[in-house]
Structures are given as C-alpha cells and as structure tokens.
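Student: I have a structure I would like to understand better, so I am pasting it below and will then ask my questions one at a time.
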Amino acid sequence: MTPQQLIDTPDLIAAGVAGDEVRRRMHGAKTTFNRVFEVPVDAPPAALPARVNAGEFRIVGKPSTLDALTAAVRATAALAGEVPVTVFSVFDLLSLPQSIRVVAAAIKEAGASALVHLPIDRVENAELVAQDVRAADLIILSIGVDDLDDNNRLALCEMAGTLQSRAGGFKAFAPLPRKMSVTKPTTGYDDVRMVALARVVAQNIESIQVDWALYGPKLAQVALTVGANDLDNVAAEDPGVLGTRRSPLEEVKRNITAASLEPAERDGLFNPR
C-alpha cells in the first residue's frame, strides 16, 4: 500500500496492517518505553519525591533566560545522578537571544545529555538547527509535530524522513500532535492512520513514538498495533496508593503485553535499562 493509498483508503484495518508489517520487520515484537521525571524549568525541586524511578530527568517549559535554563540543568543533574538529563523542546529554546549553538553548548556544559523534541511544523531551517545542536556535542532525540492539519499529514511524514536523511541522529518520530485543535480536534481514527502512515513513510527513523501521558493507555496501545514501537513519558513517580500491580511501570508493561508485544524499558538516550 502506497502512502497516498494509506491516506485515501476507508479501510482502517488495512492501513493498520501496512504500518504493523513495517514495524514488525524492523523491531519484531519488542516495544520500548521510558519513565520520565519532569522538572519545571522555573522551579526545579530541591529534593526528589519518594518512589521515583526514572530513566530520564526532563526539563520542561519555556526558559526566561539562558542563565535560568543552565541553573535548572545543573540543579536537575545534581538530583539525577547517572540518569540522563534532557531539555524538552527545541522550539522553546529558539526564543532566547543567544544562538541555538550557544544555548546547546551551555546546557551541555551544565549537564544535559540531549534535547528531546524538534517540532518540524514550527522550527524553520530544522536541518541547520539540528546541525548547530550537534556541533555543540548534543543530540536531538525525536522529530515531532505540535499542530497537525489534515492536508499536511503526508508532507510532515516526508519532511521527517528527509530531515533524518540530511541531518541524521534522530532516534524517533512522534507523529501525533502535541496540541489539540479546539475547533477541529483529531479523532482516534485520524490518530491511528497517522501512526501507520508515519511508520510506512519514515522507515529511516528507528522508532515511531507515542506520548503515554498525553494520549493515554488506550490510544497508545492501539498505536502499538499499527506501527508504533516506543512509548515515551511514562510516569516515573509511583504514589504507592494503588499497590504494586497498579503502578505506572506495571500498567505500561501490562498494556504492551496485552497487545501481544514484548515490553523493554529504556533510558532517555534509548539505551536499555
């Protein structure tokens, strides 16, 4: 099934099969997931809460200054120990007056291992941005989408594949939008088709990723059967009120296993845990 046929067909099952065939050829049944502890850039905690087990400490939010950002990275690195520290959105960093290369070098020196998310629908000259980040000895983990229009689904998937070919180094493509349109939100049907399309089109990107916290277990589980192979942003903090069998770790493993797949935990840099 061609990408255009994937978009045009009313047969969602056939679209899903096309995505799943590529996924299984690339990864078999292995399905990775990552437990993330999010740290607000403007208010990093002085100490960790109880019952935190993270594969990544992720700084989120738009920094007011580069000094504030590097202070947050240093504070987070002190808490994280050997666990990778990342900064979420490349787009948020582009509002700083310093160049992205200067910003990347500063957060690298402060203790960050990677940037997480480059939204190709919002970042102009994405290839040059990725090259500047790499010149500072940092990587960008995933290509993503902030806003999605029905008319540019295929174009965005093709853009992701092209960016990987030209810049390289990306571990994942997260094709589902992070922002939901108030006037025209996507449906589950749209989301499933987009995941399958992304897997078929962007075969040079290792993983197709779904945000567990943003999209929830049910959509994430279905996405795994139509092309996705990585679940990002599983909660790292277990409140401990529902017992071990209802912990975030057990919930994600149970959902992966129920889809007849094999869960494999990773850290924030896509290394096995």
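The values are calculated or read from the model by the stated rules, or taken from the named source; none is laboratory data. Because the structure is predicted, anything quoted here is derived from the model rather than measured. Positions of Cβ are backbone-derived with ideal geometry, glycine not excepted, and every protein chain shown enters the neighbour counts.
Student: Can you tell me which of Ala104, Ala172 is over 17 Å from the mean Cα position of the chain (by Cα), under 17 Å from Pro84 (Cβ atoms), of a type outside the set (Ser, Thr, Tyr) and buried (at least 22 other Cβ atoms within 10 Å of the Cβ)?
Tutor: Ala104
Student: Pairs only if they're at least six apart or on different chains, beta carbon under 8 angstrom, first in the range 131-151 and closer than 21 Å to Val195 by Cβ, second at pLDDT 95 or above and hydroxyl-bearing (Ser, Thr, Tyr); list them, first residue then second.
Tutor: Leu141/Thr86
Student: Kindly indicate which of Ala220, Ala198 is in a helix (DSSP H, G or I) and either among the polar types (S, T, N, Q) or under 17 Å from Arg25 (Cβ atoms) (or both).
Tutor: Exactly one residue qualifies, and that residue is Ala198.
Student: While we're on this one: May I ask you to verify whether Asp146 is among the charged types (D, E, K, R) and in contact with a strand residue (DSSP E or B) (Cβ under 8 Å, 6 or more places away or on another chain)?
Tutor: yes
Student: Identify, from the list Ser113, Ser64, the residue that is of a type outside the set (A, V, I, L, M, F, W, C) and buried (at least 18 other Cβ atoms within 10 Å of the Cβ).
Tutor: Ser113
Student: Right, Leu118: under 23 Å from Glu56 (Cα atoms) and touching a Lys or Arg at 6+ places or on another chain (Cβ under 9 Å) or not?
Tutor: Answer is no for this residue.
Student: Right, something else. Would you mind listing the helices (runs of 4 or more DSSP H) fully within the range 90-173 where at least 1 residues are closer than 30 Å to Ala75 by Cα?
Tutor: 90-93, 100-110, 126-135
Student: Would the range 16-23 turn up any residue that is farther than 23 Å from Glu262 by Cβ and of a type in the set (Asp, Glu)?
Tutor: No.
Student: Taking the range 252-261, which residues are out of contact with any Asp or Glu (no Cβ under 8 Å at 6 or more places or on another chain), part of a helix (DSSP H, G or I) and crowded, with 17+ Cβ neighbours inside 10 Å?
Tutor: Val252, Lys253, Asn255
Student: Among the residues of the range 133-169 satisfying the criterion of being over 21 Å from Gly227 (Cα atoms) and β-branched (Val, Ile, Thr), which is surrounded by the fewest Cβ atoms within 10 Å (Cβ to Cβ)?
Tutor: Among those residues, the one meeting the criterion is Ile139.
Student: What number of residues within the range 201-214 satisfy the criterion of being part of a helix (DSSP H, G or I) and over 21 Å from Glu262 (Cβ atoms)? Talk me through it step by step, then tell me what you get.
Tutor: Within the range 201-214, the subset part of a helix (DSSP H, G or I) is 201, 212-214.
This time we only want the ones that are over 21 Å from Glu262 (Cβ atoms), so: 201, 213-214.
Selection size over the range 201-214: 3.
Student: From the list Pro63, Pro3, Pro49, which one is closer than 23 Å to Ile120 by Cα and at pLDDT below 95?
Tutor: After applying the criteria, what remains is Pro3.
Student: Scan the range 30-51 for residues that are in contact with a helix residue (DSSP H, G or I) (Cβ under 9 Å, 6 or more places away or on another chain) and surrounded by fewer than 17 Cβ atoms within 10 Å (Cβ to Cβ) and report the count.
Tutor: Residues flagged as in contact with a helix residue (DSSP H, G or I) (Cβ under 9 Å, 6 or more places away or on another chain) and surrounded by fewer than 17 Cβ atoms within 10 Å (Cβ to Cβ) within the range 30-51 amount to 7.
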